[in-house]
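The values are calculated or read from the model by the stated rules, or taken from the named source; none is laboratory data. Only a predicted model underlies this, so the values are computations on that prediction, with no experimental measurement involved. Glycine gets a Cβ as well: all are built from the backbone with ideal geometry, and neighbour counts include every protein chain shown. The area values use the complete protein model at the heavy-atom level, side chains included, leaving out ligands, DNA and RNA. Shrake-Rupley method; radii C 1.70, N 1.55, O 1.52, S 1.80 Å.
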Amino acid sequence: AGSWIIPMDNTYQGTAGIDLIYGIKFDRMGFPYIMGTTTGNWTVVNAAFSNVFGGNNAKQFISKLQPDLSAYVYSTVFGTNSTVPNISPIAFLVDRCENVYVSGWGGGINVQQQYTTGNTSGLPQVNPIAGIPAADGKDFYFFVLEKNANSQLFGSHFGQNGALGDHVDGGTSRFDDNGVIYQAICANCTGGAVFPTTPGSW
């Protein structure tokens, strides 16, 4: 019997700031994607979306790498030009068309508890959800990036207006393979606001 040596590809990703990867996904061709936040200046390359957005200082990132991790296929950022992340990401998906979905929340309790974080004010709304309370900077934020980082297909806040703000603990929200999000939410905390629900819901 012989022995086997299995080569393992590995790499480091990051900046001089604080970098956190919240999600790793693969598309159907085996390309890995990473999503997370940084307090540094994340590498932006081969991404028309970032150029259109008008700045490379946002603190949420999405990067697609070569399968052997040797280089970026593309890397981009989204959010405002804040010095700290806008959201705490909680769900991540690469769909069959290679569009990328991110869900996160920001502001409210994390700011109140003096974490080094921003809020959701000013995050771009693209084809937003209709009929929900106005944004208050303490919301959920849903984001969809088009294949090859060409454009933002969707961006919307979601949640109540006022009171402590909407939030969730990690690991309780998921996208399914069709891009539908299942979101477990902490809402109506401390009272003073009503979380939007649909008629007849329990």
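Taking only DSSP H segments of four or more residues, each worth -39500 (n - 2.57), what value at 222 nm results for the chain once the sum is divided by all its residues, to the nearest 500 deg cm²/dmol? Before the final figure, lay out the partial values.
Values: 2 runs with 10 residues, N = 202.
The helix-only estimate for the chain comes to -1000 deg cm²/dmol at 222 nm.
Report Rg (one decimal) and Dmax (nearest whole number) for the range 32-117, counting Cα atoms only, units Å.
Computed over the Cα atoms of the range 32-117, radius of gyration and Dmax are 13.5, 42 Å.
Only Cα pairs within less than 10 Å get springs; with that Gaussian network setup on the chain, which residue of Ile185, Ile18, Ile62 has the largest fluctuation?
Ile18
With the Cα gyration tensor of the chain in hand, give its eigenvalues times 5 under a square root as the equivalent ellipsoid semi-axes, listed largest first in whole angstrom.
The three semi-axes for the chain are 31, 19, 17 Å.
Calculate the all-directions average of the projected area of the range 73-146's alpha-carbon convex hull, and give it in nm². Walk me through the numbers on the way to the answer.
Working: hull surface 23.8 nm².
Approximately 6.0 nm², given one-decimal rounding.
Run the numbers on the chain and let me know its relative contact order in percent, using alpha-carbon pairs under 8 Å that are six or more apart.
In percent, rounded to a whole number, it is 15.
Translational diffusion coefficient of the range 87-202 at 4 °C, 1.567 mPa s, Stokes-Einstein with Kirkwood Rh over Cα pairs, in µm²/s as a whole number. Before the final figure, lay out each step's value.
Working: Rh = 14.7 Å.
Approximately 88 µm²/s, per Stokes-Einstein.
Semi-axes, largest first, in whole Å: what does sqrt of 5 times each Cα gyration tensor eigenvalue give for the range 39-86?
Numbers: eigenvalues 81, 28, 9 Å².
Taking √(5λ) for each eigenvalue gives 20, 12, 7 Å, largest first.
Please identify, among Ala58, Ala71, Ala48, the residue showing maximal mean-square fluctuation in a Gaussian network model of the chain using a 10 angstrom Cα cutoff.
In the Gaussian network model the winner is Ala71.
Over the range 113-157, with every protein chain in place, what whole percent of the accessible area is carbon and sulfur at 1.4 Å, could you tell me? Write out the running numbers ahead of the final one.
Details: 1060 of 2200 Å².
On the range 113-157, the fraction of accessible area on carbon and sulfur atoms equals 48 percent.
What longest range of the chain stays clear of loop-exposed trypsin sites (Lys or Arg not before Pro) (DSSP non-H/G/I/E/B, at most 15 other C-beta within 10 angstrom)? Each step should come with its number before you reach the end.
Working: sites that count: Arg28, Arg96.
Here the longest segment lacking exposed loop sites spans 97-202.
How much area per residue is accessible in the range 86-148 when the probe is 1.4 Å and only protein heavy atoms are counted (Å²)?
Working: 2660 Å² over 63 residues.
Accessible surface, normalised per residue, equals 42 Å².
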